[in-house]
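Student: Quick one: this structure, given as structure tokens, is what I'll be asking you about.
What follows draws every value from the coordinates through simple rules; no lab data is involved. Keep in mind that what you see is a predicted model, and the values were worked out from it rather than measured. Don't worry about glycine lacking a Cβ; one is built from the backbone with ideal geometry, like all the others, and counts go over all protein chains shown.
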Amino acid sequence: MKLVAACLAAATALAPFPMAVAAEIAPADVKYDGATITTSLTGTPGNPEEGAKVLANRSLGNCLACHVVTPLAKEQFHGDVAPSLDGVADRWSAEQLRGIVVNAKHSLNPDSVMPGFYTLEVGINVRKDLVGKTILTAQQVEDVVAYLVTLKDAK
């Protein structure tokens, strides 16, 4: 225990800059660079395994209602009203994917039927219990993006 404390003290003393913990970016504070979001919403790397769970969960992302994702073939029925997500990492960067997941209407097409998963710009006639809430948390968005960047075409 003393060795761990000594190592931590030494590392802290030798660090040229203090380490800052990134704060979660609120939906209203998300900054776009064109159609992309270059900054992580949380400062914490996404977990691809958790992202796959969110993507397939009918109560959360419910992405499979519209998109095909072959690696999740054992999950619920896959819709075909939106582009397949197979190979999506070969078509879009992580920053572009983050922008699309956060708000496809801003990043892709204002007429997109894809909901914005981390935005408060959800239109009119929102159920009162959902006003001011996002579909996904910032970390869930980062997890979904981390999963999506694993979906590359087999070569």
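Student: Mind putting a number on the dipole of the range 22-148 about its Cα centre? Charges go on the C-beta only, +1 for Lys and Arg and -1 for Asp and Glu, and I need it in Debye to the nearest 20.
Tutor: Magnitude of the dipole: close to 340 debye.
Student: Projecting each Cα onto the charge dipole of the range 22-148 (Lys/Arg +1, Asp/Glu -1 at the beta carbon, about the Cα centre), which of Gly43, Cys66, Ser84 comes out farthest on the positive side?
Tutor: Most positive-ward Cα: Cys66.
Student: Restricting attention to the alpha-carbon atoms of the range 22-148, what are Rg (one decimal) and Dmax (integer), both in Å?
Tutor: Using the Cα atoms of the range 22-148, the pair Rg, Dmax is 13.8, 39 Å.
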